[in-house]
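Chemist: Please see the structure below; I have some questions.
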Amino acid sequence: MTEVRMERMSWVEYRRRIDAAEPVVFLPCGSLEQHGPHLPLGVDALLSTAVACEAARRTGGIVAPALSYGYKSQPRCGGGQHFPGTTSLDGDHLSQLARDVIREFARHGVRKLALIDGHYENQWFLIEGIDLALRDLGHDCGLRVLRTEYWDFCTEDVLREVSPDGFPGFALEHAAVIETSLMLHFHPELVRPDLIPDDDAANFPPYDLYPPETERVPASGVLSSARGATAAKGEHLAEVVCSGLADAVRVAFDPP
Ligand SMILES: [Zn+2]
């Protein structure tokens, strides 16, 4: 199988691949954040990397090492900053990190870059990093950047299948059925199904208070139940997401 991971290539091989085919370079973006007692802290980077690798295999792309730290965990979508292990960046630092690496990829001759975000809180800081990098480079630099959250490729059909009792929404899908099922598919050795908590979905008001009301967050850190997670659901989710992402980069970068 052709190698897709940039960190496993020599610079000579990397340059050959960039020069030969103008490949899409995928940059996974994650976090180091609690994901309940049954999933590891690195879920967001592990999943965005796994999805990016599969899309890269289907499109002749390259996957750069993930940005593995993310913006601060928010109670209503990630449980919040009060959990041990959750280790986050100030927003400006994440933007500058993204800005720096995007500028470096442009220097290598990369013309198609896809940021695959696996941590919702990163969104606007990654967008800022893209904007600043393109401003540094000049908008006629030839680099185009696609940015997405991988779960946006989930179709209504697959969400109905995964959550037959009703989909709780992506904000409450933290350490819940989608992430747990995808981890059972991509990294089963890192999942502890026996530790999936019995908590019901968190019930947040439609606003945030600062300092955060940590008592509203389930003690487990899981925002809606992961009990329905299975490897089979993860396999189907992965296929829908990876094929959707592969199609999207083809259409975005090489329109017919
Ligand atoms: Zn996550």
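The values are calculated or read from the model by the stated rules, or taken from the named source; none is laboratory data. Only a predicted model underlies this, so the values are computations on that prediction, with no experimental measurement involved. Here Cβ is always computed from backbone atoms with ideal geometry, including for glycine, and neighbour counts include all displayed protein chains. The protein model used for the area step is the full one, side chains on, heavy atoms only, and it has no ligands, DNA or RNA in it. Shrake-Rupley method; radii C 1.70, N 1.55, O 1.52, S 1.80 Å.
Chemist: Could you say whether any residue in region 171-184 is out of contact with any Ser or Thr (no Cβ under 7 Å at 6 or more places or on another chain), open to solvent by 20 Å² or more (accessible area, probe 1.4 Å) and without any contact (Cβ under 8 Å) to a residue 60 or more places away in the chain?
Modeler: No, that holds for no residue.
Chemist: Restricting attention to region 211-232, which residues are at pLDDT below 95, in a loop (DSSP other than H, G, I, E, B) and of a type outside the set (A, V, I, L, M, F, W, C)?
Modeler: Correct list: 211, 212, 213, 218, 220, 221, 224, 225, 227, 228.
Chemist: Check region 60-83 and report whether any residue there is closer than 19 Å to residue 253 by Cβ, at pLDDT 95 or above and within 16 Å of the ligand (Cβ to nearest atom).
Modeler: For region 60-83, residues closer than 19 Å to residue 253 by Cβ, at pLDDT 95 or above and within 16 Å of the ligand (Cβ to nearest atom): absent.
Chemist: Being open to solvent by 40 Å² or more (accessible area, probe 1.4 Å), part of a helix (DSSP H, G or I) and either within 16 Å of the ligand (Cβ to nearest atom) or under 23 Å from residue 176 (Cα atoms) (or both) is the requirement here; does residue 41 meet it?
Modeler: Considered against the rule, which asks whether it is open to solvent by 40 Å² or more (accessible area, probe 1.4 Å), part of a helix (DSSP H, G or I) and either within 16 Å of the ligand (Cβ to nearest atom) or under 23 Å from residue 176 (Cα atoms) (or both), residue 41 comes out as no.
Chemist: Return yes or no: is residue 21 among the hydrophobic types (A, V, I, L, M, F, W, C), more than 16 Å from the ligand (Cβ to nearest atom), over 25 Å from residue 220 (Cβ atoms) and at pLDDT below 95?
Modeler: Against the criterion (among the hydrophobic types (A, V, I, L, M, F, W, C), more than 16 Å from the ligand (Cβ to nearest atom), over 25 Å from residue 220 (Cβ atoms) and at pLDDT below 95), residue 21 qualifies.
Chemist: If you don't mind, another one. So which helices (runs of 4 or more DSSP H) stay within region 109-186 end to end and still have 3 or more residues that are more than 16 Å from the ligand (Cβ to nearest atom)?
Modeler: Counting at least 3 such residues, we get 123-137, 156-162.
Chemist: Take the conditions among the small types (Gly, Ala, Ser) and more than 23 Å from residue 45 (Cα to Cα) and apply them to residue 252. Does it pass?
Modeler: Yes; evaluated as a whole, the condition is true for this residue.
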